[in-house]
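Read the structure below first, then the notes.
The values are calculated or read from the model by the stated rules, or taken from the named source; none is laboratory data. Quick caveat, the model's predicted, so the values are computed rather than measured. Here Cβ is always computed from backbone atoms with ideal geometry, including for glycine, and neighbour counts include all displayed protein chains.
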Amino acid sequence: MSDNKNTLLRDNNYQQSRRSFLKSAGVASLAGIGTMVSPLLSSAEAATKTDESNQLGKSLDKMPTRKFGKTGVDVSILGLGTMFDVVANQILLKQALKWGVNYWDTADCYSGGNSEKGMGKFFAKYPETRKEVFLVTKSCARSNDGMTRLLNQSFERMQTNYIDLYFAHGIRDISEVTDDTRRWVEDAKKAGKIKFFGFSTHSNMEKCMMAASKMDWIDGIMMTYNYRIMHTTQMKEAVAACTEAGIGLTAMKAQALTQANAASETELKMVENFMQLGYTDAQAKMKLVWEMPQIACIASQMPNMTILSANTAAALNTTKISQVEQNLTQQYAMESSCNYCRGCTDICEAALNNQVPVGDVMRCLMYSRQYKDIELAKSVFYQIPEQTRKSMVEMDYSRAEQQCPHKMAIANLIRQAVEELA
Ligand code: SF4
């Protein structure tokens, strides 16, 4: 047998054992968490073990809360992300509140409006719960008239007359929130329509955060933040500046799901170690974010009871992720760097004269490959103008690839996205 064939066979075997191991560990994908058995029990067991050994003796039955920046509001460290049809998933809201998950995150565009409508259905049935919830929604509009229209639409859908935290959704540059926006925010606050204002961002997060730290009317930011990103100098400085300015921070994409998978011995070792601590891979990655006291909340996509239960268990579990696992995680992050898009779109998109929204396409791939949510991936993909989608395939990506600090195979990934989602 040739060396090439041997290598191929070995790689195939490796990939198969990796897949089955990671599957049994409930690793790295929202779907994967569903393979876990009784996460609350395993978490409690792990915590009991830890309490016995280090005498922490902390209560395990109360969802921890943190102050959301200068707002002074206590929010649950686990937030309910709802990029899905909440109308059909009312039981989840009830259970989330019961477990102390009081930070609820939605947006005008999630699930064609059915995320907000589902919350409205719940508040109409249980009006007394509205005041228990820190309700966050987002506006895709940028003009003041557009924001007013969408805010009114959110009120109607969610059966409420105020929003706790209102975000400009998915900004890529701080210039998207202007002095005009500030005037709109001041009026909306005076009228009692919104309590706090900020933005969400998964592109150029660090730059947006640094700029926001100098704008005293920004109360909160929701940004991509995870073990791959949180140790970079830029992100550490951005978090420090926002914390100093009293801006509440919500992490999203906390598990750093990748655009592509690759064989890695380090990943297997990392997951094995996490399991010995009583965590799945997904739970442990959230714990790494919660280790950072500057992060008030992780907004996590939790479309079913299994994931809600697993994430709640992780939030309650007091077992620390040790330095050994943290080092392994950093090693894995380094080895798999080319499979994860970090949202530094200023670099690659500028190299393409801003003709392709690379970051958005990479996010679509993550939704389809890791969340296993083709519908969500397609809905984001089809927001890209038709002409751009068509021209993407033929584009020359060599300059963008040269400039990508993580050496992502942009051309291949874009073409794969077009094939998988078009
Ligand atoms: S493709 Fe590379 S340069 Fe572009 S956003 Fe992703 S990591 Fe950054």
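Structural remarks
- Test: residue in region 380-401 that is under 26 Å from Met83 (Cβ atoms), in contact (Cβ under 8 Å) with a residue 60 or more places away in the chain and not aliphatic (A, V, I, L, M): no
- Sub-8 Å Cβ pairs linking a first residue in region 70-96 that is part of a loop (DSSP other than H, G, I, E, B) to a second residue that is small (Gly, Ala, Ser) and modelled with pLDDT under 95, at least 6 apart or interchain, are Thr82/Ser111; Met83/Ser111; Phe84/Ser111; Asp85/Ser111; Val86/Ser111, ordered by first then second residue.
- Which numbered condition Leu80 misses (of (1) touching a Phe, Trp or Tyr at 6+ places or on another chain (Cβ under 8 Å); (2) surrounded by fewer than 21 Cβ atoms within 10 Å (Cβ to Cβ)): (2)
- Per-region count, region 392-419, residues farther than 16 Å from Gly359 by Cα and at pLDDT below 95: 2
- Check on Tyr332, of a type in the set (Ser, Thr, Tyr), crowded, with 20+ Cβ neighbours inside 10 Å and within 15 Å of the ligand (Cβ to nearest atom): no
For (1) in a helix (DSSP H, G or I); (2) within 13 Å of the ligand (Cβ to nearest atom); (3) crowded, with 21+ Cβ neighbours inside 10 Å; (4) of a type in the set (Asp, Glu), each residue gets a yes or a no:
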| site | (1), (2), (3), (4) |
| --- | --- |
| Ser309 | yes, no, no, no |
| Asn353 | no, no, no, no |
| Met362 | yes, yes, yes, no |
| Ser379 | yes, no, no, no |
| Thr388 | yes, no, no, no |
| Met408 | no, yes, yes, no |
| Glu419 | yes, no, no, yes |
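- The lone criterion from (1) more than 13 Å from the ligand (Cβ to nearest atom); (2) not in a helix (DSSP H, G or I) left unmet by Glu375 is number (2).
- Among the residues of region 367-377, the ones that are closer than 15 Å to Arg415 by Cα and either among the β-branched types (Val, Ile, Thr) or surrounded by fewer than 21 Cβ atoms within 10 Å (Cβ to Cβ) (or both) come to 1 in all.
- Residues (farther than 14 Å from Phe134 by Cα and of a type in the set (D, E, K, R)) located in region 66-102: Lys70, Asp85, Lys94, Lys98
- Test set (1) at pLDDT 95 or above; (2) β-branched (Val, Ile, Thr); (3) within 21 Å of Gln283 (Cα to Cα) - Thr35 fails condition number: (1)
- Condition check for Glu272: away from the ligand (no atom under 16 Å from the Cβ) and outside the structural domain of Thr258 (by TED's automatic domain parsing): no
- Exactly one residue out of Gln323, Gln301, Gln294 is more than 16 Å from the ligand (Cβ to nearest atom) and out of contact with any Leu (no Cβ under 7 Å at 6 or more places or on another chain): that is Gln323.
- Those residues of region 133-185 which are in contact with a Gly (Cβ under 7 Å, 6 or more places away or on another chain) and not charged (D, E, K, R), in sequence order: Met158, Gln159, Tyr162, Leu165, Phe167
- Only one of the listed residues (Leu257, Leu277, Leu308) is assigned by TED's automatic domain parsing to the domain that holds Asp164, more than 24 Å from Leu376 (Cα to Cα) and hydrophobic (A, V, I, L, M, F, W, C). That residue is Leu277.
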